[in-house]
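Worksheet: one structure, shown below.
The values are calculated or read from the model by the stated rules, or taken from the named source; none is laboratory data. It should be emphasised that the depicted structure is a prediction, and the values quoted were computed from it without experimental measurement. FYI the Cβ positions are ideal-geometry reconstructions off the backbone, even for glycines, and counts take in every protein chain you see.
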Amino acid sequence: MNKELEKLGINLEELIEQALSKIERLFLSEQYKEAEIVAYQLLRVDGHNLKGLQLYGLILSKQRKFMKSIEVFNQAIELDEANAENHNNIALAYLNIGKFEEALQHADRAIELKVNNYNFLGNKGLILRASGQLDKSIQHFESLTKINPSANVWINLGSAYGQKKQIEDAIRSFQEAIKLEPQNYAAHVDLAYAYFFAKDWNNAWKEYEYRIPYWRSEKSSMRRFSPKYQPENAWDGIKSLKNKKIAVYCEQGVGDMIQFARFIPELKKMGANVIVDTSDELAPLFDIVSKEERFDYHCSVLSLPFLLDKKTPEHFMKSNSYIFPKGENRLEAYENFYKIGIAWAGNPAHPNDSKRSLLLKYFKQIEKLNRVKLFSFQKELGKRYHLTTNQEVDLTEDCDDMNIVDLSPYMKDFGDTVELLNKMDLIITVDTSLLHLAGAMGKKTYALIPFNPDWRWGLEGSDNDWYESVMLFRQQEPDNWAEVFDRISPRITF
């Protein structure tokens, strides 16, 4: 082919270099689909182009096509086994699909080839942490702080300590990161979470405000900031709200909006005209909802505890039972049953979904209890794809023998959900919006909490700082939900 192209006056090597340059430009501008097409075409012409294979593998990884990227990186390794970057790249791909043994093998090989590459060393620590080898991960990152005390190393060390529930050490680590980089927003947010677990409320809420500049600069499907909410007209908690119009929004999930809505009446007491900017699905829960674009100030609902100086549980609990049903939605056919509403899964895009969602079959022992009837508040019943583990799972497998009442056809919005929840005797749910809604209504609720919980649930105990009617049932060890249900079943008496 090369000779034929030469006859036409075309230089193949020059074309390949141009293609590689184009792929790099597309990759750096995050145009991954376009870059993938060009890389694929290049490799059809020159399948042994090492740089092309490396770029193609990185492009696939950026699109979470990890199995395919592993194939490509393996081809690159066959061409150049002594290339440390190839081993590092494939290690990260294996990490993302949960194949930790393979990830560690390639991470060690990358480090062997480039002994003092701190990026490779840091990645090994991440693999150790993800695989549950927390002591080794901590030891690894502690050693790195002696030879390369960067902010990222301290952040990773703090995260490992946090996962091991050594909160004081986590706080110390995040503080060290901030000393090195005072404007490292990620370190501030992680420090906020650690303070929350330590119940150091004043420092926690202060540090948590750094999430706003952090998430404005970081793309995330879980956090959304509308362009109309710019820093210059954000309410600072000091300016008078009398006769002013303030828009309250939530940049995170549905459950967060429900949880923090308890603080909105405080703005009305200050004389504000409050606009609640939320989804149509949530709108029935609030008195004032608007898509109006004109307002004097705005603030995130998650910032209200800080801005209103209502930072401690005595303020949270005062607002208990603040969402109420507005009508009747009877379930007459089940009046003689003890009605338990259940949810076994949250948003599949949530970073911790693989840990907080669980298999429906764990509810079987509860369904078998005399005069108990289970009602599903789950909206998505099919297979789901865990973004963080890159795996498809069916949480309803082996459950064809269960006779659960599916309420999803009757829940067009959260107003309907409130009416149906009001008819339940008990709610058993994972950490998702249903938990917050039931708690906000004052309904008796058993919350299923993973071993490493979200910051708002603390680290121990069955009580919580947000809802008096909610009892926490925590995993005693990672991924063991069976033991949790063994503790719940005997408590269901009526």
If we keep only residues of region 125-139 that are crowded, with 20+ Cβ neighbours inside 10 Å and touching a residue at least 24 places away in the same chain (Cβ under 8 Å), then the residue farthest from Glu71 (Cα to Cα) is Ile138
Q) Has region 271-282 got at least one residue that is crowded, with 18+ Cβ neighbours inside 10 Å, part of a helix (DSSP H, G or I), at pLDDT 90 or above and not assigned by TED's automatic domain parsing to the domain that holds Ser469? A) no
Within region 149-176, residues within 21 Å of Asn116 (Cα to Cα) and either surrounded by 15 or more Cβ atoms within 10 Å (Cβ to Cβ) or not assigned by TED's automatic domain parsing to the domain that holds Ala192 (or both) come out as Ser150, Ala151, Asn152, Val153, Trp154, Ile155, Asn156, Leu157
Result of the Cβ filter at 6 Å on region 29-43, keeping first residues that are assigned by TED's automatic domain parsing to the domain that holds Gln18 and partners that are surrounded by fewer than 18 Cβ atoms within 10 Å (Cβ to Cβ) and part of a helix (DSSP H, G or I), at least 6 apart or interchain, is Tyr32/Lys62; Val38/Lys22
Is it true that some residue in region 137-159 is among the small types (Gly, Ala, Ser), out of contact with any strand residue (DSSP E or B) (no Cβ under 8 Å at 6 or more places or on another chain) and within 30 Å of Pro313 (Cβ to Cβ)?
yes
Against the condition buried (at least 16 other Cβ atoms within 10 Å of the Cβ) and at pLDDT 95 or above, how does Leu434 come out, does it pass? yes
>> One residue is enough: does region 98-111 have a residue meeting the conditions modelled with pLDDT under 95, surrounded by 15 or more Cβ atoms within 10 Å (Cβ to Cβ) and more than 28 Å from the chain's Cα centre (by Cα)?
In response: no
The residue that is surrounded by the fewest Cβ atoms within 10 Å (Cβ to Cβ), considering only those in region 292-309 that are assigned to a loop (DSSP other than H, G, I, E, B) and not acidic (Asp, Glu), is Arg294
